[in-house]
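Notes for the one structure printed next.
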Amino acid sequence: MENGESVKLTEPDVLQYTNFRVYLRDYYEYKKKTQPAFSLRFFAEKAGLSSHAHLKLTIDGKRNITKSTVTKLIHGLGLIKQRAAYFENLVFFNQATDDEEKKVYYEQLVKASPHSKLHKMDQAQLRIFREWHHSVILEMVSLKGFRPIPDWVSKRLDGKVTPAQVQESFSLLLELGLLVKTANGFRQRDPMITTDDEVQDLMVKQYHQQMLSLSKDKLSELASQDRDFSALTFSIRRKDFPNLKKQIQLMRKELLDFSAGAGEGDDVVQVNIQLFPLTRGM
């Protein structure tokens, strides 16, 4: 730096990462800055890998690694105990090819260390995505005549959520700062829910799966005048697919014009919109 001050570099901590490739890249860059002679070839040899090219392809996301390679990398990185377990599960979480496999490794990641980034996220923010009723209860707070009583909320939700779950949801929403206590109950605060990109896809999929399951129940439970289920099936030019997605995004924003102000709403509704191809391109 121009003022002569030096910046103290800190070795990357794997517990603060949700992508093992990013961790490997940051670890390599840290070593290069602190040990100029350090190289991918040296790192590969230290880990007992036969080729540094394989390591480069792994970091670049062009190749996956096996259990054997993971074990060698753990040795090369000098990871032990919970950090070794966390790194191994992180690799297989990132490389998982289906949601069920991802869920298995995600749970193991959370258990691997109480100090990891994923564990902190799971304890609060990610539960909003994993359990559908939290977002509904958050919206219910702004209803006209809302009563901050778990039994009352449970009944309004047709008993699909127990009073105990409602009370737990109140506590969670308060902890996240999405609700604020008032003299008469609660009020909403501007939501600040954020998730890491690496885990967001899994959490959002779980949320949509819950809402689709709830939709299936409502199809048979509600009278036709209390719901609207419709579908369209049509052919489309492949080049128009992005524009169709944009049209749906615009429609979602227009639907929010029906959103009632605080204390004005009578009910909370769910609008699900799905778009997906039924055929594969030739």
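Taking 0.36 nm per residue of separation and subtracting the current Cα-Cα distance, fully stretching the chain between K81 and N184 would add 32.2 nm. Site pair Q95 and E107 shows an inter-label distance of 2.2 nm when each label is modelled 7 Å from Cα along Cα→Cβ. Debye sum, Cα scatterers, the chain, no solvent: what log₁₀ I/I(0) at q = 0.07, 0.08, 0.09, 0.14 1/Å? The computed values of log10 I(q)/I(0) come out as -0.41, -0.53, -0.65, -1.11. Average accessible surface for the chain: 65 Å² per residue, computed with a 1.4 Å probe over protein heavy atoms with every protein chain in place.
Label-to-label distance for D151 and F258 is 3.4 nm, based on points extended 7 Å past Cα in the beta-carbon direction. In the chain, a dipole from Cβ-located charges (positive for Lys and Arg, negative for Asp and Glu) runs towards its positive end, and of Y106, F42, L24 it is F42 whose Cα lies farthest in that direction.
Rolling a 1.4 Å probe over the protein chains gives H208 an accessible area of about 100 Å². Its Cα centre serving as origin, the chain has a Cβ charge dipole (Lys and Arg +1, Asp and Glu -1) of approximately 1000 debye. The string of couplings for the range 88-94 from the Karplus curve (6.51, -1.76, 1.60, θ = phi - 60°) is 4, 5, 5, 4, 6, 5, 5 Hz, one whole number per residue in order, with x for Gly and Pro.
Computed from label points 7 Å out along Cα-Cβ, the spacing between R63 and T279 is 4.0 nm. Rounded to the nearest whole Hz, the Karplus-based 3J(HN,Hα) values (6.51 cos²θ - 1.76 cosθ + 1.60, θ = phi - 60°) of the range 214-231 follow the sequence 5, 4, 4, 5, 5, 4, 9, 7, 9, 5, 4, 6, 9, 8, 9, 10, 8, 8, with x at glycine and proline.
The values are calculated or read from the model by the stated rules, or taken from the named source; none is laboratory data. In this text, all values refer to a predicted model and were calculated from it rather than measured experimentally. Every residue, glycine among them, receives a Cβ derived from its backbone with ideal geometry; neighbour counts consider all protein chains shown. What goes into the accessible areas is simple: the full protein's heavy atoms, side chains included, and nothing from ligands, DNA or RNA. Shrake-Rupley method; radii C 1.70, N 1.55, O 1.52, S 1.80 Å.
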